[in-house]
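Every number in this text was worked out from the coordinates using simple rules, so none of it is lab data. Please read all numbers here as calculations on a predicted model, not as lab measurements. Counting neighbours? That spans all protein chains shown, and the Cβs are built from the backbone with ideal geometry, glycine included.
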Amino acid sequence: MRLDNEQQSSNIEDRRGRKGGGGGGGFGGGLPFGARGIPIWGIVVIAIIFLLLPAGIRNSILGQLSGMAGGGSSLVQGADPTAEPASNTCPTGDAPCIFVARVLNTTERTWTQKFAENAVPGARGPYQPPVLVLFDGRVDTACGAASADVGPFYCPGDNKLYIDLSFYDVMTRRLNAPGDFAQAYVIAHEVGHHIQFLTGATRQVDAARGGPRANEMSVRLELQADCYAGVWGHETNEGGQLDPGDLEEALNAAHQIGDDTLQTQSKGYAQPSTFTHGSSAQRMKWFRQGFTSGDPRTCDTFTPSASQL
């Protein structure tokens, strides 16, 4: 991916290395579900499963864990008065930070244009970009405190994306999904969730939570975010920023994080009724749909029947 001439977004909040960056309550050694004593491969599986949950369910689990782990105290803690202020610029020479700042800028250009063209169903007014927060270890958010083990996520409570850059190592070493465009796809997918918050799709899915269609609606939401990521990929390709093989990197990443692939790796079989993000084939299909069309209006995953997804 060619980003050397790309500007960095100013919507970066660098909380790495801040004092008191972790939230209270505890996750059992920093792992969701109190996963102490589990071998490293089990930790990776737990983290992946937690990552695959829809944002609303993840936030609900975080809230429940606050009472279990902290004697009923909230996971959302007040700001540490000794904490160093977050920076909205990347340190000179900090290549990982500069990379995500440049990727975020490409998403801002894409969606500013699409919103201006009234090409995003449900959108109202100009595009309001999210802030991307870099953290290490733990982070406090408007959706609760989170460990790096939950992976990248979007919090609609503060309109911010959160990522511990060590997740990129997990992608390469554990998920077999290497490549800079695969890493950029992760950011574009989370930006897709921000788009859904702006268009009302998130509220539609949250309303179904706890009902018989909860998992199906979660899958539809995630596949649409993949399609939106594909729309962004189309625009970066049109701008001459992709290298040969980049599309294949993103499609491979979409395959590796499909529910069926992850479930088969973790327990030897797939259980479609429990899918929350979609199968490998579905995730690849919808990313390619957006990439091919470049049109958010082709990303309607809520109208087709479940068998057509």
Contact list, first residue from segment 100-114 and crowded, with 24+ Cβ neighbours inside 10 Å, second anywhere and among the β-branched types (Val, Ile, Thr) and not in a helix (DSSP H, G or I), beta-carbon distance below 6 Å, six or more apart or interchain, is 101/12
Test residue 166 against the criterion of being free of Cβ contacts under 8 Å to residues at least 60 places away in the same chain, surrounded by fewer than 20 Cβ atoms within 10 Å (Cβ to Cβ), more than 23 Å from residue 230 (Cα to Cα) and not basic (Lys, Arg), and give yes or no.
yes
Working only within segment 257-294, note down all residues that are in contact with an Asp or Glu (Cβ under 6 Å, 6 or more places away or on another chain) and among the charged types (D, E, K, R).
283
Does at least one position in segment 146-154 carry a residue that is free of Cβ contacts under 8 Å to residues at least 12 places away in the same chain and under 28 Å from residue 266 (Cβ atoms)?
no
